[in-house]
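Read through the structure below, which is laid out as structure tokens, and then see the notes.
Read the figures in this text as sums done on the coordinates, not as results from a lab. Just so you know, these numbers come straight off a predicted model, no measurement behind them. Counting neighbours? That spans all protein chains shown, and the Cβs are built from the backbone with ideal geometry, glycine included.
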Amino acid sequence: MSSADVEAPEEADEVAPDERRDAVVASFAAALGDGLVESFVKPGIDVWLRIAPDSWVAAGEVARNSLGYRYFDFLSVIDWLPSPFGRDMDAEQDWAVHGRDERDPTPIERGYAGGETRLQVFARVYSLYEHMGVTLKVDLADDDPSIDSWVPVYAGANWHEREAWEMFGVSFEGHPGLRHLYLPGDFEGHPLRKDFPLLARRVKPWPGIVDVEGMPGEAAAEEDDS
């Protein structure tokens, strides 16, 4: 059979550009210049923007005051570091279930719009007029995870930044009062960082991995089969 007899594979349908979200990226680029480090548009879905640290507050001001993204949704931190413990922090029961060793180091993979550091702050704002949201992110220095506070721009960021400070150890310069939300004042460490050891894992496996109860009637059916 000649190559002419073989049908060529159908080309994947091209995704139509998202003019509305492309325009949002263009507006941020015009306002911030080099302060917009990278962007990613998923047509019809969302837009992600990575902002330079020294333009973080300016990006919030552009979003709220120039583009009408006046609804503050959330702010948090993500630690892209794969757990350095692998299965080491799992209980012996988990090892029996998983049956594999996952201690080999895993390279860091970051999300849309990339990144260059382990920790990133993420913020989500929304336009009630355009019915469209934007996710902004900023890299944090590994040796000094700090960034300017968004509270002067979005007052709703107050508690979100307190949580990020407490659980990830990120400092927000200019915040009116970083203080604990969940942990006692003398608590050491930041529980949501990937390198925070979950010592309880040595004692008891994750709920649902080992201690799984059968559905009603399964036990009786197994007895009948035997």
Given axes a ≥ b ≥ c from the Cα gyration tensor, I'd like to know whether the stretch 117-162 is rounded (a/c under 1.5), prolate (a/b larger than b/c) or oblate.
oblate
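Sort Trp159, Trp80, Trp165 so that the residue with the fewest other Cβ atoms within 10 Å of its own Cβ comes first and the one with the most comes last.
On the way: Trp159 11, Trp80 14, Trp165 22.
Ordered from fewest to most neighbouring Cβ atoms within 10 Å, Trp159, Trp80, Trp165 come out as Trp159, Trp80, Trp165.
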Built amide H within the under 5 Å cut-off of Asp148, gap 5+
Glu173
Once phi is turned into θ = phi - 60°, what whole-Hz ³J(HN,Hα) does the Karplus curve with 6.51, -1.76 and 1.60 give for every residue of the stretch 67-79, x standing for Gly and Pro?
10, x, 8, 8, 8, 8, 8, 7, 9, 7, 10, 10, 9
Could you tell me the calculated FRET efficiency between Lys194 and Arg70, based on Cβ-Cβ distance and R0 = 41 angstrom, to the nearest 0.05?
0.75
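Loop only by DSSP, 12 or fewer other Cβ within 10 Å of the Cβ. Give me the chymotrypsin sites (Phe, Trp or Tyr not before Pro) in the stretch 116-158 that pass, ordered by residue number.
On the way: sites: Phe122, Tyr126, Tyr129, Trp150, Tyr154; in loops: Tyr129, Trp150, Tyr154.
Passing sites in the stretch 116-158 are Tyr129.
Please compute the net charge surrounding Ser39, taking Lys and Arg as +1 and Asp and Glu as -1 over other residues with Cβ under 10 Å from its Cβ. Intermediate results must be reported in sequence, preceding the final value.
Details: positive: Arg21, Arg50; negative: Asp22, Glu38.
In short, 0.
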Rounded to the nearest 0.05, what FRET efficiency do Glu19 and Asp54 have when you use their Cβ-Cβ distance and R0 = 35 Å?
0.70
Among 171-183, 55-67, 39-51, how do they line up by average Cβ neighbours within 10 Å per residue, starting with the highest?
55-67, 39-51, 171-183
Gain in span if fully extended, Ala26 to Ala155, counting 0.36 nm per residue against the direct Cα distance:
43.8 nm
Inter-site label distance for Glu38 and Thr117 at 7 Å from Cα along Cβ, in nm
1.5
Hey, can you grab everything whose amide H is under 5 Å from the amide H of Asp73? Only 5+ residues off in sequence or another chain; H modelled, so Pro and N-termini drop out.
Arg124, Val125, Tyr126
